[in-house]
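Participant: Okay, handing you the structure first.
The values are calculated or read from the model by the stated rules, or taken from the named source; none is laboratory data. These figures come from a predicted structure and were not determined experimentally. We place every Cβ from the backbone using ideal geometry, glycine too, and count neighbours over all the protein chains shown. Note: areas computed on protein heavy atoms with side chains; ligands, DNA, RNA excluded. Shrake-Rupley method; radii C 1.70, N 1.55, O 1.52, S 1.80 Å.
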Amino acid sequence: MQSDDLRQRIRALAAEINEDYAGKNLLLVGVLKGAVFFLADLMRQLEIDCELDFMAVSSYGSSTESSGVVRILKDLDTPIEGRDVLIVEDIVDSGLTLSYLMKNLGSRNPASLEVCSLLVKPERFKVDPDLRYVGFEIPDKFVVGYGLDHAQQLRNLPYVAALKT
Ligand code: IMP
């Protein structure tokens, strides 16, 4: 995905969010670290009232396979009871990390809880993630750039590319 493709798709996602949450005060929850670039570009396009918070989670497992056992490294700064919450993710692979986050945040009684993920790999889903907004569906390849890393490197690429193995 080239920078232009990303920009265009993000503009369209933001337009949908602007419409869906008109008149509301949306809390965007960025999942560190990969979602940071996407989140910043998406939020810049929002015209509704919105706030920002972050969570950092780590998944036990190998570097390319998530295990579904998730540890919270950084929790939200604010309570979300009664809030409209949108989780912003870089990529949903097995869906296990997201499923944990949905359960965890859902138990805090938000008014609404939805997900916006830039990328999804449907072939890899182990659970059926409930995704309200999706940027792009991609094949089962490991991708880097635009926030996505391989061993913490390559996040700075302005585009998304499949890593050659
Ligand atoms: P899941 O729990 O399997 O859905 O894993 C989600 C997390 O794994 C993402 O938030 C990324 O941090 C990481 N991840 C999964 N696939 C990729 C990829 O292709 N490139 C970079 N990181 C990935």
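Participant: Mind telling me which of the residues Val85, Val69 ends up being among the β-branched types (Val, Ile, Thr) and open to solvent by 70 Å² or more (accessible area, probe 1.4 Å)?
Facilitator: Criteria check complete, one pass: Val69.
Participant: I've got another one for you. Select from the stretch 1-45 the residues that are part of a loop (DSSP other than H, G, I, E, B) and open to solvent by less than 20 Å² (accessible area, probe 1.4 Å) and list them in ascending order.
Facilitator: Passing the criteria: Tyr21, Gly34, Ala35.
Participant: Another question, if that's okay. When you scan the stretch 104-114, do you find a residue that is open to solvent by less than 30 Å² (accessible area, probe 1.4 Å) and within 10 Å of the ligand (Cβ to nearest atom), even just one?
Facilitator: Scanning the stretch 104-114, I find no residue that is open to solvent by less than 30 Å² (accessible area, probe 1.4 Å) and within 10 Å of the ligand (Cβ to nearest atom), so the answer is no.
Participant: Another question, then. Just the residues that are part of a helix (DSSP H, G or I) and among the hydrophobic types (A, V, I, L, M, F, W, C), please, taken from the stretch 96-141.
Facilitator: Correct list: Leu96, Leu98, Leu101, Met102, Leu105.
Participant: I've got another one for you. What number goes with the only condition from (1) in a loop (DSSP other than H, G, I, E, B); (2) open to solvent by 50 Å² or more (accessible area, probe 1.4 Å); (3) modelled with pLDDT of 95 or more; (4) within 14 Å of the ligand (Cβ to nearest atom) that Ser62 does not pass?
Facilitator: Only one criterion in (1) in a loop (DSSP other than H, G, I, E, B); (2) open to solvent by 50 Å² or more (accessible area, probe 1.4 Å); (3) modelled with pLDDT of 95 or more; (4) within 14 Å of the ligand (Cβ to nearest atom) is unmet by Ser62, namely (3).
Participant: Which one is farthest from the ligand (Cβ to nearest atom), of the residues in the stretch 135-157 that are crowded, with 18+ Cβ neighbours inside 10 Å and of a type in the set (A, V, I, L, M, F, W, C)?
Facilitator: This residue is Ile138.
Participant: Cβ-Cβ under 9 Å, sequence separation 6+ or interchain: first residue in the stretch 125-149 and in contact (Cβ under 8 Å) with a residue 60 or more places away in the chain and on the phi > 0 side of the Ramachandran plot, partner more than 12 Å from the ligand (Cβ to nearest atom) and among the aromatic types (Phe, Trp, Tyr). Which pairs?
Facilitator: Hits for this filter: Tyr146/Phe37; Tyr146/Tyr159; Gly147/Phe37.
Participant: Name, by its number, the condition in (1) of a type in the set (Ser, Thr, Tyr); (2) open to solvent by less than 30 Å² (accessible area, probe 1.4 Å); (3) over 18 Å from Met43 (Cα atoms); (4) in contact (Cβ under 8 Å) with a residue 40 or more places away in the chain that does not hold for Tyr100.
Facilitator: (2)
Participant: Please give the number of the condition Ile80 fails out of (1) β-branched (Val, Ile, Thr); (2) out of contact with any helix residue (DSSP H, G or I) (no Cβ under 6 Å at 6 or more places or on another chain); (3) assigned to a strand (DSSP E or B).
Facilitator: The single condition Ile80 does not satisfy is (3).
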